[in-house]
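Reviewing the structure listed below.
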Amino acid sequence: MSRCTDYKVARNIMGSNFIGIEELRSMEELLVTIPETIPPITFSEEELLRKKDDYILLLGVHTLSNGKTVTIRHLKEVFGMNPEKNEPCFYNQDWYEKEAFIDTELDSQWFLIRKNIYEDSRSVSPEVLMEKYSFPTAVMCVYAFFITWIVRDEKLWYHDFIWCSDVDHNGDRIYVGKYHDVDGVNKNGFSIHRHLALRPCYGCID
């Protein structure tokens with residue numbers, strides 16, 4: 001049984017949850033460079049049929065139209081941090097500017113990414129969840145969020161945070177998402193945070 005799926009077959013299976021060459025080119029302002037050789041879709045028809053309603057099959061690319069690689073740092077330069085000027089955008093924060101994960105480059109490949117978090121994963125520690133799930137990279141989540149918003153006008157993880165496979169220099173887990181604050185305290189923006197693990201430097205006083 002073949003692990004790969006033909007482009008047209010995959011499009012028919014995924015329907016509106018497919019973002020390929022045509023969808024990327026449909027953006028009013030082309031943000032990415034379409035690779036000359038389109039990578040194979042390395043998911044079987046059976047897997048796509050199982051996931052067609054809950055996942056997006058998205059063509060990841062390596063280069064932006066301005067010639068820079070697709071990284072969180074470079075996407076942040078494109079979309080900015082001010083919702084009053086442009087949306088979608090990033091939330092205004094800079095704690096991660098010197099962290100290595102924001103310079104991780106996205107590969108030119110297809111990936112499946114879930115549109116909504118698993119309900120039974122809410123309030124469960126990432127250490128426990130990692131025994132069952134494989135977390136996506138932060139750059140994959142960022143790319144999927146902005147491209148899906150622009151191409152489909154669909155807002156992924158609008159009120160939820162997503163655990164990522166990346167960690168900061170202290171080993172703290174990265175989580176991203178929650179574009180909109182339902183309480184109206186914070187401005188709109190795609191957020192990037194770290195989950196602080198307990199270490200000996202944490203304690204209390206009285």
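The relative contact order of the chain comes to 19 percent, based on Cα pairs under 8 Å that sit 6 or more residues apart.
Please state the shape class of the stretch 131-203: rounded when a/c is under 1.5, otherwise prolate if a/b exceeds b/c and oblate if not, all from the C-alpha gyration tensor. Walk me through the numbers before you get to the answer.
On the way: a/c = 2.63, a/b = 1.52, b/c = 1.73.
Oblate shape, in that a/c is at least 1.5 and b/c is the bigger or equal ratio.
For the stretch 6-72, taking the reciprocal of the average inverse distance between every pair of different Cα atoms yields a Kirkwood hydrodynamic radius of 12.9 Å. With a 1.4 Å probe rolled over the protein heavy atoms of all chains, the accessible area of R173, R3 falls in the order R3, R173, largest first. Working note: Cα atoms of the stretch 43-185, range along each principal axis, descending, whole Å: 41, 33, 31.
Using a Gaussian network model of the chain in which every pair of alpha carbons under 10 angstrom is joined by a spring, one finds that among F90, F43, F161 the greatest mean-square fluctuation is at F43. Per-residue accessible area (protein heavy atoms, 1.4 Å probe) orders V167, V185, V142 as V185, V167, V142, starting from the largest. Computed with a 1.4 Å probe on the full set of protein chains, the accessible area for I72 sits at about 0 Å².
Note on exposure: Y202, Y179 ranked by accessible area (1.4 Å probe, complete protein assembly) read Y202, Y179, with the most exposed listed first.
Quick one, could you list the DSSP H helices from the chain stretching 15 Å or more along their long axis (Cα atoms) with average Kyte-Doolittle hydropathy of -0.5 or above?
Numbers: long enough: 138-152 (20 Å, 1.85).
Correct list, ordered by number: 138-152.
Among the protein heavy atoms, those of D53 account for about 100 Å² of accessible surface (1.4 Å probe, every chain in place).
The values are calculated or read from the model by the stated rules, or taken from the named source; none is laboratory data. Note that this is a predicted model, so its numbers are computed, not measured. Just the protein is used for accessible areas: all its heavy atoms, side chains included, with ligands, DNA and RNA removed. Shrake-Rupley method; radii C 1.70, N 1.55, O 1.52, S 1.80 Å.
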